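Presented below is the structure to which this report refers.
The values are calculated or read from the model by the stated rules, or taken from the named source; none is laboratory data. Small disclaimer: the values here were computed from a predicted structure and weren't measured. Because the Cβ atoms are built from the backbone with ideal geometry, glycine has one as well, and the counts that use them run over all protein chains shown.
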Amino acid sequence: MEIPSGIFGLLRVLFKPIADFVSKVFFYRAYEISTLYRNHRELFRIPPNNLTNDIEFRVYWKEYHLRRKLITPMIWVRAKGDEVFSKLVLSVTASNNKIKYQDYVTILNVNNTPTQTSLPSIPFRKLKIRDGTAFTPYDDIRTHLLEAYDQAGDTINLFGGNETRLTPIDKLEVELGLEKGDVEKWGEIFNLEFIELEIKEQRIRLIGRRIMRRDVFSRIVVRLFELNWLVKIIFWSRNIFTAKQLTKEFDRCLKDHEEFKQRNEKQDDNQPSLKTG
C-alpha cells in the first residue's frame, strides 16, 4: 500500500469511507430512480429497429448498458410474434469516410426471445474533443441481413436489400463533462441523465413567467436562478434521502407512457416480410 504524502492525503484515506457512506445515504435513492428512468426508456420507450417486418434488433455502441459495463459493443436480434428462424446471418458495419469496422454474425434458433452477441471488431463510440472539434471512430452503423433460413432449415429469398442504417447520437454535454451520464459509484453503475434533466426543469419552474417581466425583482430572480450551484442546492433539498420530487416525476413519466400505449395501437412496419416478400 502506498503511504499518502502529507497530512491531507492521510485525512483523505481515513475519512473517504465515511464520506462515501454519507453520500450514499444522501443520494442513493435519487441515483437509483434516475437509473430506473433510463432503463425504462431504453427497454420500453425507445422501439427496436426493424431489419424486416419479421425481425427486429438493437445495437449497443456505448460502454454502459442497463447497469452493466460492456466489454465490446453488442447486438441483439429477435423474431416478431410467433416467427421462428433456424439461422440468420448478418453483417454489422460501423464506418466513416476513412475506415470501416465490420463483424459477421451468425445466430441460430431465432424466436421472440432476444439473442444477444458481441461485436468485437467494432470499438465503442467515444467522442474525442481536440481544439473544440469532436472526433468519432465512426459516423453510422449498417446492419445487413445476408442469409435467412426458416424453421425447417430452408433458405428464404431475401429479395435484395434488407439493410438498416443507424446514426448514433451523442450527448455532447456529457461527453464534454458539463453533465453526468453513466457513473460508477459505491460499487455500482448508475445513469444520472434524469437527474440532469430534472435540474434543468427545476430552473424553468423557478424562473417561470418572471423571465418575461421587466421589474427589477423579476430580473434579480432570473439572474439568481441562472446560477447552476443555486438551482442544484434547491433541487437536492427536495430530493436528498428519499428522492421525493424525482420519484414523483418518474411516476408521472410511467403514467404518460401507459396512456400513450393505450392511445396508439401497434402498427405493422412498411418493410417487406421475409415470408410474404
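Numbers at a glance
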read-out	value
Answer from LYS126, LYS180 - the residue that is charged (D, E, K, R), in the same structural domain as ALA79 (by TED's automatic domain parsing) and either more than 23 Å from PRO47 (Cβ to Cβ) or surrounded by 14 or more Cβ atoms within 10 Å (Cβ to Cβ) (or both)	LYS126
Within the stretch 144-165, considering residues that are within 34 Å of the chain's Cα centre (by Cα) and of a type in the set (Gly, Ala, Ser), the one surrounded by the fewest Cβ atoms within 10 Å (Cβ to Cβ)	GLY160
Tally of residues being surrounded by fewer than 15 Cβ atoms within 10 Å (Cβ to Cβ) and either outside any helix (DSSP H, G or I) or among the β-branched types (Val, Ile, Thr) (or both) across the stretch 31-47	2
Residue check for THR242: assigned to a loop (DSSP other than H, G, I, E, B) and at pLDDT 90 or above	yes
Residue that is nearest to TYR31 (Cα to Cα) [pool: residues in the stretch 200-243 that are exposed (fewer than 13 other Cβ atoms within 10 Å of the Cβ) and hydroxyl-bearing (Ser, Thr, Tyr)]	THR242
Residue count, the stretch 245-277 (criterion: among the hydroxyl-bearing types (Ser, Thr, Tyr) and at pLDDT 90 or above)	1
Any chance SER86 is part of a strand (DSSP E or B), more than 18 Å from GLU163 (Cα to Cα) and at pLDDT 90 or above	yes
Test: residue in the stretch 129-136 that is on the phi > 0 side of the Ramachandran plot and exposed (fewer than 12 other Cβ atoms within 10 Å of the Cβ)	yes
